[in-house]
Amino acid sequence: MFRVREQTWHVEPSGPLRGDIVVRGSKNAVTKHMVAAMLGDTPSVIRNAPEVGDVDITTEMLEALGYRVGRCGGEITIAPADAPLARVPEAFTGLNRIPILMLGPLLHRTGEAFVPLVGGDAIGRRPVDFHLAALRALGAEVKEGPAGITARAARLRGNRIDLPYPSVGATETVLLSAVLAEGQTVLRGAATEPEVVELALFLQRMGARIELSPDRRIVIEGVPRLRGASTRLAGDRIEAFSYLVAGLVTRGEVRVHGCPQDRLVTAITTLAKMGAQFDITEEWISATAPGALRPAAVHTDTHPGFMTDWQQPLMVLFTQAEGLSVLHETVFENRLVYVPALQTMGCEIEVFAACLGGPACRYQDTNAVHSAVIRGVSKLRGAEVTMPDVRAGFSAVLAAAVADRSSVLHGVHHIERGYHRPFEQFSTLGLTIRRAEA
Ligand code: EPU
(Lines give C-alpha, C1' and ligand atoms only; values in the text may rest on other atoms or scores of the structure.)
Protein backbone atom coordinates (compact mmCIF):
# COMPACT_ATOMS: atom_id res chain seq x y z
CA MET A 1 0.00 0.00 0.00
CA PHE A 2 1.14 3.54 -0.73
CA ARG A 3 3.54 5.00 1.84
CA VAL A 4 4.93 8.54 1.95
CA ARG A 5 8.75 8.55 2.04
CA GLU A 6 9.83 11.18 4.57
CA GLN A 7 12.86 13.00 3.28
CA THR A 8 14.87 16.11 3.99
CA TRP A 9 16.93 18.19 1.58
CA HIS A 10 20.05 20.11 2.58
CA VAL A 11 20.40 22.96 0.10
CA GLU A 12 23.55 25.06 -0.37
CA PRO A 13 23.18 28.35 -2.19
CA SER A 14 25.29 27.74 -5.29
CA GLY A 15 25.09 30.93 -7.35
CA PRO A 16 23.16 31.35 -10.59
CA LEU A 17 21.18 28.32 -11.74
CA ARG A 18 21.79 27.64 -15.40
CA GLY A 19 20.99 24.93 -17.88
CA ASP A 20 18.32 23.02 -19.73
CA ILE A 21 15.24 21.39 -18.22
CA VAL A 22 12.81 19.16 -20.07
CA VAL A 23 9.33 19.19 -18.57
CA ARG A 24 7.05 16.21 -18.93
CA GLY A 25 3.25 16.13 -19.08
CA SER A 26 1.52 17.85 -16.22
CA LYS A 27 0.65 16.33 -12.87
CA ASN A 28 -2.79 17.86 -13.13
CA ALA A 29 -3.49 16.18 -16.47
CA VAL A 30 -1.87 12.77 -16.14
CA THR A 31 -3.94 11.49 -13.23
CA LYS A 32 -7.20 12.64 -14.85
CA HIS A 33 -6.27 10.77 -18.02
CA MET A 34 -5.66 7.70 -15.88
CA VAL A 35 -9.20 8.04 -14.49
CA ALA A 36 -10.59 8.56 -18.02
CA ALA A 37 -8.95 5.27 -19.04
CA MET A 38 -11.32 3.53 -16.58
CA LEU A 39 -14.13 4.34 -19.03
CA GLY A 40 -12.63 2.53 -22.01
CA ASP A 41 -13.36 -1.10 -22.81
CA THR A 42 -9.91 -1.52 -24.41
CA PRO A 43 -6.48 -0.39 -23.08
CA SER A 44 -5.35 3.24 -23.09
CA VAL A 45 -1.82 4.57 -23.39
CA ILE A 46 -0.61 7.87 -21.90
CA ARG A 47 2.82 9.03 -23.07
CA ASN A 48 5.17 11.75 -21.76
CA ALA A 49 3.82 11.09 -18.25
CA PRO A 50 5.79 12.64 -15.39
CA GLU A 51 7.26 10.48 -12.64
CA VAL A 52 5.44 12.10 -9.74
CA GLY A 53 4.01 10.84 -6.48
CA ASP A 54 0.46 11.49 -7.65
CA VAL A 55 0.92 8.97 -10.47
CA ASP A 56 2.17 6.37 -7.95
CA ILE A 57 -0.90 6.96 -5.77
CA THR A 58 -3.32 6.83 -8.72
CA THR A 59 -1.66 3.68 -10.08
CA GLU A 60 -2.16 1.93 -6.75
CA MET A 61 -5.79 3.06 -6.58
CA LEU A 62 -6.52 1.72 -10.07
CA GLU A 63 -4.79 -1.57 -9.29
CA ALA A 64 -6.78 -1.88 -6.05
CA LEU A 65 -9.93 -1.57 -8.20
CA GLY A 66 -8.77 -4.33 -10.55
CA TYR A 67 -7.32 -2.30 -13.46
CA ARG A 68 -3.97 -3.38 -14.85
CA VAL A 69 -1.47 -0.53 -14.99
CA GLY A 70 1.86 -0.82 -16.78
CA ARG A 71 4.50 1.88 -16.43
CA CYS A 72 7.65 2.13 -18.48
CA GLY A 73 9.60 5.39 -18.51
CA GLY A 74 7.09 8.05 -19.45
CA GLU A 75 4.48 5.63 -20.77
CA ILE A 76 1.48 4.44 -18.77
CA THR A 77 -0.79 1.68 -20.08
CA ILE A 78 -4.12 1.04 -18.41
CA ALA A 79 -6.09 -2.08 -19.26
CA PRO A 80 -9.74 -2.44 -18.26
CA ALA A 81 -10.68 -4.52 -15.24
CA ASP A 82 -12.74 -7.63 -15.99
CA ALA A 83 -14.91 -7.03 -12.93
CA PRO A 84 -13.84 -3.75 -11.31
CA LEU A 85 -14.43 -3.30 -7.62
CA ALA A 86 -16.77 -0.49 -6.65
CA ARG A 87 -14.81 0.76 -3.63
CA VAL A 88 -11.60 2.76 -3.54
CA PRO A 89 -10.01 1.42 -0.32
CA GLU A 90 -10.00 3.71 2.70
CA ALA A 91 -6.21 3.34 2.83
CA PHE A 92 -6.16 6.06 0.13
CA THR A 93 -7.94 8.56 2.38
CA GLY A 94 -6.51 12.05 2.12
CA LEU A 95 -3.63 11.20 -0.24
CA ASN A 96 -4.74 13.29 -3.22
CA ARG A 97 -7.88 14.64 -4.95
CA ILE A 98 -8.30 11.89 -7.52
CA PRO A 99 -10.82 9.54 -5.80
CA ILE A 100 -13.68 12.04 -6.17
CA LEU A 101 -13.16 11.96 -9.96
CA MET A 102 -13.57 8.18 -9.93
CA LEU A 103 -17.19 8.31 -8.77
CA GLY A 104 -18.63 8.80 -12.27
CA PRO A 105 -16.50 6.12 -13.97
CA LEU A 106 -17.19 3.64 -11.15
CA LEU A 107 -20.93 4.28 -11.40
CA HIS A 108 -20.79 3.52 -15.12
CA ARG A 109 -18.87 0.32 -14.52
CA THR A 110 -20.58 -1.05 -11.42
CA GLY A 111 -23.70 1.01 -10.67
CA GLU A 112 -22.33 1.91 -7.26
CA ALA A 113 -19.23 3.52 -5.86
CA PHE A 114 -17.46 4.39 -2.65
CA VAL A 115 -14.53 6.79 -2.50
CA PRO A 116 -12.69 7.82 0.67
CA LEU A 117 -12.33 11.44 1.71
CA VAL A 118 -10.06 13.30 -0.67
CA GLY A 119 -6.96 15.21 0.37
CA GLY A 120 -4.44 17.17 -1.62
CA ASP A 121 -2.73 20.28 -0.36
CA ALA A 122 -4.20 22.06 2.66
CA ILE A 123 -4.68 25.34 0.80
CA GLY A 124 -8.32 26.01 1.63
CA ARG A 125 -11.46 24.15 2.64
CA ARG A 126 -11.58 22.52 -0.79
CA PRO A 127 -15.15 21.22 -0.52
CA VAL A 128 -16.51 18.75 -3.09
CA ASP A 129 -20.06 20.14 -3.12
CA PHE A 130 -19.98 21.04 -6.85
CA HIS A 131 -18.89 17.50 -7.73
CA LEU A 132 -21.68 15.96 -5.66
CA ALA A 133 -24.34 18.37 -6.94
CA ALA A 134 -23.31 17.53 -10.51
CA LEU A 135 -23.55 13.79 -9.89
CA ARG A 136 -26.96 14.25 -8.27
CA ALA A 137 -28.07 16.30 -11.30
CA LEU A 138 -27.02 13.35 -13.45
CA GLY A 139 -29.29 11.12 -11.41
CA ALA A 140 -26.94 9.54 -8.86
CA GLU A 141 -28.03 8.98 -5.29
CA VAL A 142 -25.11 10.37 -3.29
CA LYS A 143 -24.49 10.02 0.46
CA GLU A 144 -21.70 11.65 2.43
CA GLY A 145 -20.40 9.62 5.38
CA PRO A 146 -17.59 10.10 7.89
CA ALA A 147 -15.23 7.87 5.89
CA GLY A 148 -16.16 8.94 2.37
CA ILE A 149 -18.83 9.22 -0.26
CA THR A 150 -21.17 6.52 -1.50
CA ALA A 151 -23.05 6.85 -4.79
CA ARG A 152 -25.55 4.70 -6.63
CA ALA A 153 -27.09 4.92 -10.10
CA ALA A 154 -28.36 2.22 -12.42
CA ARG A 155 -27.69 4.64 -15.30
CA LEU A 156 -26.60 8.30 -15.28
CA ARG A 157 -28.79 10.65 -17.32
CA GLY A 158 -27.72 13.90 -18.98
CA ASN A 159 -28.90 17.17 -17.50
CA ARG A 160 -28.17 20.90 -17.37
CA ILE A 161 -25.52 21.72 -14.79
CA ASP A 162 -24.44 25.21 -13.70
CA LEU A 163 -21.22 25.50 -11.74
CA PRO A 164 -21.19 28.39 -9.23
CA TYR A 165 -17.42 28.82 -9.88
CA PRO A 166 -15.40 27.40 -12.78
CA SER A 167 -13.88 24.56 -10.77
CA VAL A 168 -11.30 22.43 -12.56
CA GLY A 169 -12.14 19.28 -10.62
CA ALA A 170 -15.92 19.67 -10.86
CA THR A 171 -15.70 20.26 -14.62
CA GLU A 172 -13.66 17.06 -14.86
CA THR A 173 -16.26 15.19 -12.79
CA VAL A 174 -18.95 16.31 -15.24
CA LEU A 175 -16.87 15.31 -18.27
CA LEU A 176 -15.97 11.91 -16.81
CA SER A 177 -19.59 11.24 -15.81
CA ALA A 178 -21.59 12.70 -18.70
CA VAL A 179 -19.67 11.04 -21.55
CA LEU A 180 -21.38 7.69 -20.91
CA ALA A 181 -24.65 9.09 -19.53
CA GLU A 182 -27.89 8.73 -21.44
CA GLY A 183 -28.69 11.89 -23.42
CA GLN A 184 -27.22 15.35 -23.43
CA THR A 185 -25.49 17.27 -20.64
CA VAL A 186 -24.98 21.01 -20.88
CA LEU A 187 -22.42 22.34 -18.44
CA ARG A 188 -22.32 26.08 -17.85
CA GLY A 189 -19.62 27.92 -15.92
CA ALA A 190 -17.04 25.27 -16.85
CA ALA A 191 -13.31 25.56 -16.21
CA THR A 192 -11.29 26.08 -19.39
CA GLU A 193 -7.81 25.33 -18.06
CA PRO A 194 -5.57 23.67 -20.69
CA GLU A 195 -5.46 20.49 -18.61
CA VAL A 196 -9.30 20.32 -18.70
CA VAL A 197 -9.32 20.77 -22.48
CA GLU A 198 -6.59 18.12 -22.75
CA LEU A 199 -8.83 15.70 -20.85
CA ALA A 200 -11.78 16.54 -23.12
CA LEU A 201 -9.61 15.83 -26.17
CA PHE A 202 -8.54 12.48 -24.74
CA LEU A 203 -12.17 11.55 -24.07
CA GLN A 204 -12.99 12.57 -27.65
CA ARG A 205 -10.30 10.13 -28.85
CA MET A 206 -12.02 7.47 -26.76
CA GLY A 207 -15.22 8.14 -28.71
CA ALA A 208 -16.91 10.78 -26.53
CA ARG A 209 -19.01 13.53 -28.10
CA ILE A 210 -17.93 16.77 -26.48
CA GLU A 211 -18.37 20.31 -27.77
CA LEU A 212 -16.41 23.15 -26.21
CA SER A 213 -18.57 26.24 -26.72
CA PRO A 214 -17.88 29.90 -25.99
CA ASP A 215 -18.68 31.38 -22.59
CA ARG A 216 -17.56 28.44 -20.47
CA ARG A 217 -20.20 26.12 -21.91
CA ILE A 218 -19.53 22.44 -22.61
CA VAL A 219 -22.08 20.21 -24.34
CA ILE A 220 -21.70 16.45 -23.96
CA GLU A 221 -23.81 13.95 -25.85
CA GLY A 222 -23.63 10.64 -24.01
CA VAL A 223 -22.56 7.53 -25.95
CA PRO A 224 -23.12 3.87 -24.99
CA ARG A 225 -19.45 2.86 -24.94
CA LEU A 226 -15.96 4.27 -25.09
CA ARG A 227 -12.80 2.55 -26.31
CA GLY A 228 -9.27 3.03 -25.01
CA ALA A 229 -7.15 5.77 -26.63
CA SER A 230 -3.57 6.88 -26.83
CA THR A 231 -2.13 10.34 -26.28
CA ARG A 232 1.04 12.30 -25.57
CA LEU A 233 0.61 14.80 -22.75
CA ALA A 234 1.62 18.43 -23.29
CA GLY A 235 4.32 19.92 -21.04
CA ASP A 236 3.53 21.04 -17.51
CA ARG A 237 3.08 24.82 -17.42
CA ILE A 238 3.51 24.98 -13.64
CA GLU A 239 6.89 23.23 -13.79
CA ALA A 240 7.96 25.32 -16.77
CA PHE A 241 7.18 28.57 -14.96
CA SER A 242 8.79 27.36 -11.73
CA TYR A 243 12.12 26.57 -13.41
CA LEU A 244 12.13 29.80 -15.45
CA VAL A 245 11.81 31.64 -12.14
CA ALA A 246 14.58 29.48 -10.63
CA GLY A 247 16.89 30.94 -13.27
CA LEU A 248 15.66 34.52 -12.80
CA VAL A 249 15.75 34.58 -9.02
CA THR A 250 19.36 33.33 -8.90
CA ARG A 251 20.41 35.63 -11.76
CA GLY A 252 21.08 32.65 -13.99
CA GLU A 253 19.25 31.38 -17.06
CA VAL A 254 17.11 28.30 -17.36
CA ARG A 255 16.00 27.04 -20.75
CA VAL A 256 12.79 25.03 -20.45
CA HIS A 257 11.97 22.50 -23.16
CA GLY A 258 8.65 20.78 -23.74
CA CYS A 259 6.05 23.33 -22.67
CA PRO A 260 4.27 25.22 -25.45
CA GLN A 261 4.33 29.02 -25.26
CA ASP A 262 0.53 29.23 -25.38
CA ARG A 263 0.37 27.59 -21.95
CA LEU A 264 2.47 30.39 -20.47
CA VAL A 265 1.11 33.56 -22.06
CA THR A 266 0.16 35.40 -18.86
CA ALA A 267 3.21 34.11 -17.00
CA ILE A 268 5.65 35.31 -19.65
CA THR A 269 4.09 38.78 -19.80
CA THR A 270 4.08 39.09 -16.00
CA LEU A 271 7.78 38.22 -15.81
CA ALA A 272 8.60 40.45 -18.79
CA LYS A 273 6.95 43.42 -17.06
CA MET A 274 9.25 42.75 -14.11
CA GLY A 275 12.29 43.04 -16.37
CA ALA A 276 12.85 39.46 -17.58
CA GLN A 277 13.99 38.96 -21.15
CA PHE A 278 12.73 35.92 -23.04
CA ASP A 279 13.98 33.83 -25.90
CA ILE A 280 11.15 31.73 -27.29
CA THR A 281 11.28 29.04 -29.97
CA GLU A 282 9.04 26.14 -30.92
CA GLU A 283 11.14 23.84 -28.72
CA TRP A 284 12.14 25.89 -25.70
CA ILE A 285 11.71 29.07 -23.69
CA SER A 286 14.48 30.74 -21.72
CA ALA A 287 14.50 33.77 -19.44
CA THR A 288 17.21 36.05 -18.05
CA ALA A 289 17.15 39.24 -16.00
CA PRO A 290 19.95 41.46 -17.26
CA GLY A 291 19.09 44.44 -15.01
CA ALA A 292 17.30 45.02 -11.73
CA LEU A 293 13.93 43.29 -11.36
CA ARG A 294 10.93 45.59 -11.01
CA PRO A 295 8.09 44.97 -8.51
CA ALA A 296 4.54 44.15 -9.69
CA ALA A 297 0.95 43.71 -8.54
CA VAL A 298 -0.49 40.34 -9.53
CA HIS A 299 -3.75 38.60 -8.78
CA THR A 300 -4.28 34.92 -9.39
CA ASP A 301 -7.26 33.82 -11.44
CA THR A 302 -8.84 31.04 -13.45
CA HIS A 303 -7.56 30.45 -16.99
CA PRO A 304 -6.36 32.45 -18.89
CA GLY A 305 -5.39 34.51 -15.85
CA PHE A 306 -2.28 34.17 -13.72
CA MET A 307 -2.43 30.66 -12.21
CA THR A 308 -2.71 30.13 -8.47
CA ASP A 309 0.04 27.52 -8.87
CA TRP A 310 2.46 30.11 -10.22
CA GLN A 311 2.25 32.49 -7.27
CA GLN A 312 4.65 30.65 -4.92
CA PRO A 313 7.80 30.93 -7.08
CA LEU A 314 6.68 34.46 -8.00
CA MET A 315 6.53 35.35 -4.31
CA VAL A 316 10.24 34.53 -3.93
CA LEU A 317 11.03 36.46 -7.10
CA PHE A 318 9.16 39.47 -5.65
CA THR A 319 11.54 39.41 -2.66
CA GLN A 320 14.41 39.96 -5.11
CA ALA A 321 12.72 42.80 -7.06
CA GLU A 322 13.48 46.42 -6.11
CA GLY A 323 10.46 47.79 -4.25
CA LEU A 324 7.02 46.75 -3.03
CA SER A 325 5.04 44.04 -4.82
CA VAL A 326 1.50 42.86 -4.17
CA LEU A 327 0.04 39.39 -4.57
CA HIS A 328 -3.71 38.74 -4.38
CA GLU A 329 -4.73 35.06 -4.27
CA THR A 330 -8.33 34.65 -5.46
CA VAL A 331 -8.67 30.91 -6.14
CA PHE A 332 -7.90 29.21 -2.80
CA GLU A 333 -8.56 31.06 0.45
CA ASN A 334 -5.65 29.57 2.39
CA ARG A 335 -2.96 29.41 -0.25
CA LEU A 336 -0.60 31.79 1.55
CA VAL A 337 -0.14 29.20 4.28
CA TYR A 338 3.52 28.82 3.30
CA VAL A 339 4.45 32.46 3.93
CA PRO A 340 5.71 31.85 7.52
CA ALA A 341 8.35 29.43 6.15
CA LEU A 342 9.54 32.11 3.71
CA GLN A 343 9.50 34.72 6.50
CA THR A 344 11.77 32.45 8.55
CA MET A 345 14.14 32.57 5.58
CA GLY A 346 14.20 36.38 5.64
CA CYS A 347 11.50 37.13 3.06
CA GLU A 348 9.87 40.45 3.99
CA ILE A 349 6.21 39.58 3.42
CA GLU A 350 3.15 40.93 5.20
CA VAL A 351 -0.18 39.18 4.72
CA PHE A 352 -3.70 40.67 4.80
CA ALA A 353 -7.32 39.50 4.80
CA ALA A 354 -8.17 42.33 2.35
CA CYS A 355 -8.31 42.15 -1.45
CA LEU A 356 -5.12 43.97 -2.48
CA GLY A 357 -3.57 44.24 -5.92
CA GLY A 358 -6.54 43.35 -8.11
CA PRO A 359 -10.35 43.38 -8.23
CA ALA A 360 -12.32 42.31 -5.16
CA CYS A 361 -12.66 38.54 -5.05
CA ARG A 362 -14.90 35.91 -3.41
CA TYR A 363 -12.91 36.26 -0.20
CA GLN A 364 -13.67 39.97 0.26
CA ASP A 365 -15.09 40.66 3.73
CA THR A 366 -14.04 37.25 5.05
CA ASN A 367 -11.21 36.44 7.42
CA ALA A 368 -9.29 34.64 4.69
CA VAL A 369 -5.71 35.86 4.64
CA HIS A 370 -5.25 35.98 0.89
CA SER A 371 -3.21 39.07 -0.02
CA ALA A 372 0.46 39.79 0.53
CA VAL A 373 2.73 42.80 0.26
CA ILE A 374 6.34 41.89 -0.41
CA ARG A 375 9.33 44.15 0.11
CA GLY A 376 12.38 43.68 -2.06
CA VAL A 377 15.22 43.33 -2.14
CA SER A 378 15.10 41.07 0.93
CA LYS A 379 18.30 39.51 2.15
CA LEU A 380 17.42 35.85 2.49
CA ARG A 381 18.96 33.61 5.11
CA GLY A 382 19.38 29.85 5.28
CA ALA A 383 17.02 28.17 7.73
CA GLU A 384 15.39 24.89 8.69
CA VAL A 385 11.78 24.88 7.47
CA THR A 386 8.99 22.45 6.66
CA MET A 387 7.35 22.62 3.25
CA PRO A 388 3.56 22.54 3.66
CA ASP A 389 2.53 21.71 0.07
CA VAL A 390 3.80 20.99 -3.41
CA ARG A 391 4.08 24.51 -4.84
CA ALA A 392 5.15 26.05 -1.54
CA GLY A 393 7.85 23.39 -1.40
CA PHE A 394 9.31 24.62 -4.67
CA SER A 395 9.33 28.20 -3.40
CA ALA A 396 11.27 27.13 -0.30
CA VAL A 397 13.93 25.58 -2.54
CA LEU A 398 14.16 28.84 -4.51
CA ALA A 399 14.53 30.86 -1.29
CA ALA A 400 17.22 28.42 -0.13
CA ALA A 401 19.02 28.86 -3.46
CA VAL A 402 19.39 32.63 -2.94
CA ALA A 403 20.00 32.54 0.84
CA ASP A 404 23.27 33.44 2.51
CA ARG A 405 23.96 29.94 3.87
CA SER A 406 22.64 26.40 3.72
CA SER A 407 19.05 25.42 4.53
CA VAL A 408 17.39 22.25 5.71
CA LEU A 409 14.03 21.59 4.05
CA HIS A 410 11.60 19.02 5.46
CA GLY A 411 8.52 17.63 3.70
CA VAL A 412 10.25 16.88 0.38
CA HIS A 413 7.52 14.35 -0.51
CA HIS A 414 5.25 17.33 -1.24
CA ILE A 415 7.53 18.46 -4.07
CA GLU A 416 7.96 14.92 -5.33
CA ARG A 417 4.18 14.48 -5.49
CA GLY A 418 3.99 17.14 -8.20
CA TYR A 419 7.35 17.77 -9.89
CA HIS A 420 9.12 15.29 -12.14
CA ARG A 421 12.41 14.24 -10.47
CA PRO A 422 13.02 17.63 -8.83
CA PHE A 423 16.24 16.56 -7.08
CA GLU A 424 17.83 15.61 -10.40
CA GLN A 425 16.46 18.72 -12.18
CA PHE A 426 17.80 21.14 -9.56
CA SER A 427 21.15 19.29 -9.49
CA THR A 428 21.38 19.60 -13.30
CA LEU A 429 20.95 23.37 -12.92
CA GLY A 430 23.89 23.51 -10.53
CA LEU A 431 22.16 23.62 -7.15
CA THR A 432 24.01 21.69 -4.46
CA ILE A 433 21.45 19.48 -2.70
CA ARG A 434 21.99 16.51 -0.44
CA ARG A 435 19.12 14.27 0.58
CA ALA A 436 18.67 12.54 3.89
CA GLU A 437 15.97 10.07 4.88
CA ALA A 438 14.10 11.45 7.89
N1 EPU B 1 -14.61 24.51 -5.09
C2 EPU B 1 -15.76 24.44 -4.34
N3 EPU B 1 -16.51 23.28 -4.42
C4 EPU B 1 -16.15 22.25 -5.21
C5 EPU B 1 -14.98 22.33 -6.00
C6 EPU B 1 -14.21 23.50 -5.91
O7 EPU B 1 -16.10 25.36 -3.61
O8 EPU B 1 -16.86 21.22 -5.23
C9 EPU B 1 -13.78 25.73 -4.98
C10 EPU B 1 -12.42 25.43 -4.33
O11 EPU B 1 -12.53 25.40 -2.92
C12 EPU B 1 -11.57 26.55 -4.85
C13 EPU B 1 -12.12 26.78 -6.25
O14 EPU B 1 -13.42 26.18 -6.28
O15 EPU B 1 -11.76 27.70 -4.08
C16 EPU B 1 -11.29 26.20 -7.36
O17 EPU B 1 -11.05 24.82 -7.11
P18 EPU B 1 -10.86 23.78 -8.30
O19 EPU B 1 -11.92 22.75 -8.18
O20 EPU B 1 -10.72 24.51 -9.57
O21 EPU B 1 -9.47 23.12 -7.91
P22 EPU B 1 -9.09 21.60 -7.90
O23 EPU B 1 -9.69 20.88 -9.04
O24 EPU B 1 -9.28 21.05 -6.53
C25 EPU B 1 -7.01 21.81 -9.44
C26 EPU B 1 -5.56 21.49 -9.31
C27 EPU B 1 -4.88 22.50 -8.41
C28 EPU B 1 -5.05 23.89 -9.05
C29 EPU B 1 -6.55 24.17 -9.21
C30 EPU B 1 -6.83 25.49 -9.89
C31 EPU B 1 -5.54 19.09 -9.48
C32 EPU B 1 -5.35 17.78 -8.83
N33 EPU B 1 -5.42 20.15 -8.72
O34 EPU B 1 -7.54 21.72 -8.13
O35 EPU B 1 -3.52 22.20 -8.39
O36 EPU B 1 -4.47 24.84 -8.21
O37 EPU B 1 -7.16 23.13 -9.99
O38 EPU B 1 -6.24 25.53 -11.16
O39 EPU B 1 -5.80 19.19 -10.68
C40 EPU B 1 -1.40 21.86 -7.44
O41 EPU B 1 -1.11 21.22 -8.45
O42 EPU B 1 -0.56 22.22 -6.60
C43 EPU B 1 -2.80 22.22 -7.22
C44 EPU B 1 -3.27 22.54 -6.02
Somewhere in the stretch 220-231, is a residue touching a helix residue (DSSP H, G or I) at 6+ places or on another chain (Cβ under 6 Å), open to solvent by 10 Å² or more (accessible area, probe 1.4 Å), in a strand (DSSP E or B) and more than 19 Å from residue 175 (Cβ to Cβ)? no
Provide a single number: the residues in the stretch 92-129 that are over 24 Å from residue 63 (Cα atoms), within 7 Å of the ligand (Cβ to nearest atom) and open to solvent by 50 Å² or more (accessible area, probe 1.4 Å). 4
Candidate set: the stretch 333-358, residues that are out of contact with any strand residue (DSSP E or B) (no Cβ under 8 Å at 6 or more places or on another chain) and closer than 12 Å to residue 316 by Cα; chosen: the one surrounded by the fewest Cβ atoms within 10 Å (Cβ to Cβ): 346
Just one of 194, 164 is of a type outside the set (Asp, Glu), closer than 27 Å to residue 93 by Cβ and within 16 Å of the ligand (Cβ to nearest atom); which is it? 164
With the structure loaded, tell me whether residue 42 is without any contact (Cβ under 8 Å) to a residue 60 or more places away in the chain, surrounded by fewer than 21 Cβ atoms within 10 Å (Cβ to Cβ) and among the hydroxyl-bearing types (Ser, Thr, Tyr) or whether it fails that test. no
Give me the pairs: first residue in the stretch 387-401 and open to solvent by 10 Å² or more (accessible area, probe 1.4 Å), second residue outside any helix (DSSP H, G or I), beta-carbon distance under 6 Å, and six or more apart or on different chains, which are they? 388/337; 388/338
Among the residues of the stretch 255-267, count how many are part of a loop (DSSP other than H, G, I, E, B) and surrounded by fewer than 18 Cβ atoms within 10 Å (Cβ to Cβ). 1
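Please tell me if residue 55 is more than 21 Å from residue 233 (Cα to Cα), within 16 Å of the ligand (Cβ to nearest atom) and open to solvent by less than 30 Å² (accessible area, probe 1.4 Å). Quick ask: steps written out before the conclusion?
Values: more than 21 Å from residue 233 (Cα to Cα): no; within 16 Å of the ligand (Cβ to nearest atom): yes; open to solvent by less than 30 Å² (accessible area, probe 1.4 Å): yes.
When the stated conditions are applied, residue 55 does not pass them.
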If you go through 242, 177, the only one that is crowded, with 21+ Cβ neighbours inside 10 Å, within 17 Å of the chain's Cα centre (by Cα), modelled with pLDDT of 95 or more and not in a strand (DSSP E or B) is 242
Which of the numbered conditions does residue 317 fail, given that it passes all the others? Conditions: (1) away from the ligand (no atom under 16 Å from the Cβ); (2) open to solvent by 10 Å² or more (accessible area, probe 1.4 Å); (3) at negative phi. (2)
It is to be established whether one or more residues within the stretch 290-298 are at pLDDT 95 or above, in the same structural domain as residue 252 (by TED's automatic domain parsing), within 16 Å of the ligand (Cβ to nearest atom) and within 24 Å of residue 259 (Cβ to Cβ). yes
I'd like to check something: does the stretch 420-429 contain any residue that is part of a strand (DSSP E or B), buried (at least 22 other Cβ atoms within 10 Å of the Cβ), assigned by TED's automatic domain parsing to the domain that holds residue 257 and more than 17 Å from the chain's Cα centre (by Cα)? no
Within the stretch 268-298, residues within 24 Å of residue 355 (Cα to Cα) and in a loop (DSSP other than H, G, I, E, B) come out as 274, 294, 295, 296
Among the strands (runs of 3 or more DSSP E) contained in the stretch 1-111, which hold 3 or more residues that are among the basic types (Lys, Arg) and farther than 26 Å from residue 231 by Cβ? none
Which residues, counting only those in the stretch 150-174, are buried (at least 22 other Cβ atoms within 10 Å of the Cβ) and either assigned to a helix (DSSP H, G or I) or at pLDDT below 95 (or both)? 170, 171, 172, 173, 174
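The values are calculated or read from the model by the stated rules, or taken from the named source; none is laboratory data. Please read these numbers as outputs of a predicted model, since none were measured by experiment. Cβ: placed from backbone, ideal geometry, glycine included. Neighbour counts: every protein chain shown. These accessible areas exclude ligands, DNA and RNA; they are computed on the full protein's heavy atoms, side chains included. Shrake-Rupley method; radii C 1.70, N 1.55, O 1.52, S 1.80 Å.
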